[in-house]
1. Considering ASP227, ASP221, which residue is out of contact with any Pro (no Cβ under 8 Å at 6 or more places or on another chain), modelled with pLDDT of 90 or more and either among the basic types (Lys, Arg) or under 29 Å from LEU187 (Cβ atoms) (or both)?
2. Evaluate the following for ALA52: is it modelled with pLDDT of 95 or more, within 27 Å of LEU198 (Cα to Cα) and among the small types (Gly, Ala, Ser)?
3. Please go through (1) farther than 25 Å from PHE46 by Cβ; (2) exposed (fewer than 15 other Cβ atoms within 10 Å of the Cβ); (3) under 23 Å from the mean Cα position of the chain (by Cα) for ARG160 and return the number of the only condition it doesn't satisfy.
4. Please find, within the range 33-59, the residue that is nearest to GLN200 (Cα to Cα) out of those that are in a loop (DSSP other than H, G, I, E, B) and more than 18 Å from the chain's Cα centre (by Cα).
5. When LEU175 is evaluated against the numbered criteria (1) modelled with pLDDT of 90 or more; (2) part of a helix (DSSP H, G or I); (3) crowded, with 17+ Cβ neighbours inside 10 Å; (4) among the aliphatic types (A, V, I, L, M), which criterion, by number, is the only one it fails?
6. When you go through (1) part of a loop (DSSP other than H, G, I, E, B); (2) surrounded by fewer than 17 Cβ atoms within 10 Å (Cβ to Cβ) one by one for ASN27, which number turns out not to apply?
7. Restricting attention to the range 191-218, and to residues there that are farther than 22 Å from ARG66 by Cα and modelled with pLDDT of 90 or more, which single residue is surrounded by the fewest Cβ atoms within 10 Å (Cβ to Cβ)?
8. GLY245 is checked against (1) over 14 Å from GLY374 (Cα atoms); (2) assigned to a loop (DSSP other than H, G, I, E, B) and fails just one. What number does that condition carry?
Amino acid sequence: MKSLGSIRRDFAPWNDPKAKPYIQFDNVTKKFGDFTAVNNLSLTIFEREFFALLGASGCGKSTLLRMLAGFEEPTAGRILLDGQDLRGIPPYRRPVNMMFQSYALFPHMTVENNIAFGLKQDGMPKPEIAARVGEMLKLVKLEQFAKRKPHQLSGGQRQRVALARSVAKRPKVLLLDEPLGALDKKLREETQFELMDLQQSLGLTFVVVTHDQEEAMTMADRIAIIDKGEVMQVATPAEVYEAPGSRFVAGFVGNVNMFEGKIARGDAGAASIDTGNGITIRTENAGNAATGAAVAFAIRPEKIKVSSKKPAGAVNAIEGEVYDIAYLGDMTVYHVRLDGGHVVRASTMNAERITEDPLSWNDRAWVSFRPDAGVVLTR
């Protein structure tokens, strides 16, 4: 089987039928009065996995995290950690720690005392506390800031202190609720890679809640797409992006062009799709879609080429008019209105400083793509 994207193949316990899940949500439902936040949800997470719960605000992802931490109890179903049912076990007795978006640092304490707080509460001997705090400071590269207080730190430094405090007690699982939401874009991107390195060096299981698709795609081994308290798809970042399981997932993760139509002819995964507006799409990724089935053809903008002339030998080439262009530095985004009325978004990397085939507003143009560039969705 060909891999989709740059999947980390040396760690994939979910592909091993003998692997035992470390965290299990077993038919979990959570209701708040008449509102169902989580609806009969089942999910498995493996030891040492960096797992992301991704979804829009109010989809139930933070409720899942809070139930795992012990701040909420399921209305129905079970949550198991390393085979143990967590029902009735208070948060302070669970081998998990939670890092909140607000960081919740003690303003009157120094960095080292913030990190040491939980260790002191557990009655750890002072020499061991000092050694552990020193280890954590080195891990998050804050040794020179040990005597400072939170208000004397930048947002990124406060985030690192909160992280060090969260892992100082060596929990089996670290839960992160929108951990990078308060950081600016550049710092957020840098911290994503720091979190990945930290997780690898500690060998812990990380479960992160985020609404930021790029954040989840960057950090996670696998992503669970959540909508209205239900799991829509669980897969690696590359699989979620390249092989979405439904129209919802395709539209939620990244930008996508969607053509609705019917399978006009299907044969061993290859098919022609009649969109009903004079456009016929030929694809090699029709799966088991039967002739006559109503489907959607989803294709990402970067897989579409825009040119002033019809490409020779192109299987899928459709003519239209450029009506919008966005130059973003590293790439240019074109909006092309096809003659049938459908608007297509295409993105082109600006690998050269000078464009060989310049296009401008209102120019006639061709959009083209390979038959294996998109995917057919039946849901």
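The values are calculated or read from the model by the stated rules, or taken from the named source; none is laboratory data. None of these values were measured; they are calculated from a predicted model. When we count neighbours, we look across all protein chains shown, and the Cβ atoms used for this are built from the backbone with ideal geometry, even at glycine.
1. Just one listed residue meets the conditions, ASP221.
2. Considered against the rule, which asks whether it is modelled with pLDDT of 95 or more, within 27 Å of LEU198 (Cα to Cα) and among the small types (Gly, Ala, Ser), ALA52 comes out as yes.
3. Every listed condition holds for ARG160 apart from (2).
4. Among those that are in a loop (DSSP other than H, G, I, E, B) and more than 18 Å from the chain's Cα centre (by Cα), it is GLU47.
5. (2)
6. It fails just one condition, (1).
7. Ranking the candidates gives THR218 first.
8. GLY245 satisfies all of (1) over 14 Å from GLY374 (Cα atoms); (2) assigned to a loop (DSSP other than H, G, I, E, B) except (1).
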